[in-house]
1. Provide the packing ranking of 313-322, 585-594, 540-549, 328-337, i.e. peptides ordered by the mean count of other C-beta atoms within 10 Å per residue, highest first.
2. Kindly state, to the nearest 0.05, the FRET efficiency for residue 168 paired with residue 300, given R0 = 35 Å and r defined as their beta-carbon distance.
3. Can you give the net charge of the other residues whose Cβ lies under 10 Å from the Cβ of residue 538, counting K and R as +1 and D and E as -1?
4. Kindly count the pairs of lysines across segment 66-163 whose alpha carbons are less than 27 Å apart, treating pairs on different chains or eight or more residues apart as eligible.
5. With a 1.4 Å probe and all protein chains left in place, how much of the accessible area of segment 215-316 comes from carbon and sulfur atoms, in whole percent?
6. Using a 1.4 angstrom probe, figure out how much accessible area segment 334-396 has per residue, in square angstrom, rounded to the nearest whole.
7. What does the net charge come to around residue 491 if you take all other residues with beta carbon closer than 15 Å to its beta carbon, with K and R at +1 and D and E at -1?
8. Mind checking segment 113-177 for chymotrypsin sites (Phe, Trp or Tyr not before Pro) that DSSP puts in a loop (not H, G, I, E or B) and that have at most 15 other Cβ atoms within 10 Å?
Amino acid sequence: MKINKFGLTALTILLILFTGCAKEETNSLTTANSSKEQSVSVQEAKKTSETKYGKYDDEDFDESYDEKTATKIELIDSGSKIEGSGVSEKDNTLSITAGGTYILTGSYNGQIKIVANDETVHLILNTVTITNDTSSAIYVEQAKKVITTLAEDSKNSLSDGNKYNFTSTEETEPDATFFSKDDLTINGTGTLEVSGNYSNGIRSKDDLVITNGTINVTAKNNAIKGKDSISIADGTFSLKTTEGDGIQANNSTETDKGWIALDGGTFTIYSGNDGVQAETNLSIAQADLKIQTADGYEDQSIDTTASFKGLKASGNIVIDEGNFDFNTADDAIHSNAAISINNGTFKLASGDDGIHADTDLLINNGTINIDHSYEGLEGATVIINDGDITVNASDDGINAAGGSSDEADQEGPFGADSFGEPGTGTRQPGEALDSTKFIEVNGGTIYVNADGDGIDSNGDVRMTAGTLIVNGPTDNGNAALDYDGSFTMDGGILAASGSSGMAMSASDISSQVTLSLYFDDTQKEGTLVNLSNGAGDTILSFAPEKSFSHISISSPELKVGETVTLFTGGKDSGTEKNGLYSDSNYSSGTELAKISIEDVLTSVDQTGAEVSGNQMGGGPGGQPPK
């Protein structure tokens, strides 16, 4: 897919445009029960933060109904009992033809069909079972809106057959167990079980709104599908699909439609394709999401031309808060545009990329654990302002590459994706530097364990604050740090270990000192490396988790003009996290060298002798020059 790069300024504007606001409301619930009547009064109870991105009307939250004035329908196969107006029955099709409130109970082999012109129908499901072997169980052919309330403590079931009867071969709809051509809202505190044996489970061809309820859908194709938009304020969802997506909005012809907003809710999704897929933007204010696509990240039997992503959007993805547990055969989170993560807890295992944005990937905060991936974090630009981030990757850990369609793609299990034609993603000799690609670290704690390049940028790398720990490759074909422009180290703590064949460190235009240390022999994993100042206090104590022959170390405590002592081995009784020790108490190590820091970038071997050169091994043949 061809796309253009969006700047962060454009992303900010889009976020403002797609941030909805809702009225602050109060809750009251009164229930009066008698043998024949029930009255429930509910005032809207959704705060602005809970309806941040979705498009809701006040009536979407109104679960109230008056049994005195409603039409009551007891579903019976041999002939339903109807008390009230606006409904008729023929050949096991119960037709609602006028606006109003309809309370349904009982079991039915047939169809509830709504043809109410431009009127709103309030449908109350109060323990119903509706089965239709030849079409939709509920079919909204025409209405202004249908609001379906799941009555308190009710258990409702809808199912269809695996083959629909159409009047002509050209007809393809309805194609869902609960199908609506117009706006559809589901609310209430009851339960809805939907079996979509023919294709989709719940589908609206306009706007689909869900504000409450326990909704369990098993479908051959998509579990929940809304063409123009899907807004979910709350609810508990169990969604299983054989071939399709868990949640999908698919309007691709109108730029202001085809979006999904999750403002709340708990979701468990097992999908044959994508977990949640938006044709335009996907915005999450708060959600608890557990997603597995196909058989998870270890699935080797899938069609790599299909899509098996956890969260997927052709437009922007915004995540504000929530818990996200993904096991996906394809990218865990993927946008053809930009991704902004403002907070949340993420546990991701991916058969391809952990988090992938074609343009800008912005992480403002959150706890992100990528347990398995091909590439961990990827975007044309990657900016990390805060957070606790762990990346495990079989190729590159954090990668700034791709973007416009004329640039090389990053190879991976799923091929070109939207980065253009397959390639290496590395600048070739004579190819111009792409200054639009960069990685920027302004805070947070970041741990990278990569078999390819740990940090890889087709442009620059910038670090101003935070902690960046890299356990890079053990082979000499990759490096812990790899960039085509410059790496300006202006703040924070850096400890990047790996092989020495292609080793790079920070650039000499940095304002903070970096030591580039080459070892004569490969050091075993777990070997403690300690730098101490003239007073014997530890500057940095680090034990890489993989074998290494090169380490780049930067700390605000390293100063030009001072001398530090390099130790290996020994022990440290401080607090260890990802191999880096805080509150260090180092002892019993072997002193290798005293190193005089004469410049902002000092490259030395393990004896403290200066090594001229720094990048790509520092000299011909990929070995540190002597």
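The values are calculated or read from the model by the stated rules, or taken from the named source; none is laboratory data. All figures in this text were calculated on a predicted structure; none of them were measured in a lab. Here Cβ is always computed from backbone atoms with ideal geometry, including for glycine, and neighbour counts include all displayed protein chains. Just so you know, the surface numbers come from the protein's heavy atoms only, side chains and all, with ligands and any DNA or RNA stripped out. Shrake-Rupley method; radii C 1.70, N 1.55, O 1.52, S 1.80 Å.
1. 328-337, 313-322, 540-549, 585-594
2. The value I calculate is 0.25.
3. Working: positive: none; negative: 537, 557, 572, 583.
Result for the neighbourhood of residue 538: -4.
4. 29
5. Values: 1280 of 3380 Å².
C and S atoms contribute 38 percent here.
6. Values: 1180 Å² over 63 residues.
Result: 19 Å² of accessible area for each residue.
7. -2
8. For chymotrypsin sites (Phe, Trp or Tyr not before Pro) across segment 113-177 that sit outside H, G, I, E and B with at most 15 neighbouring Cβ atoms in 10 Å, the list reads 166.
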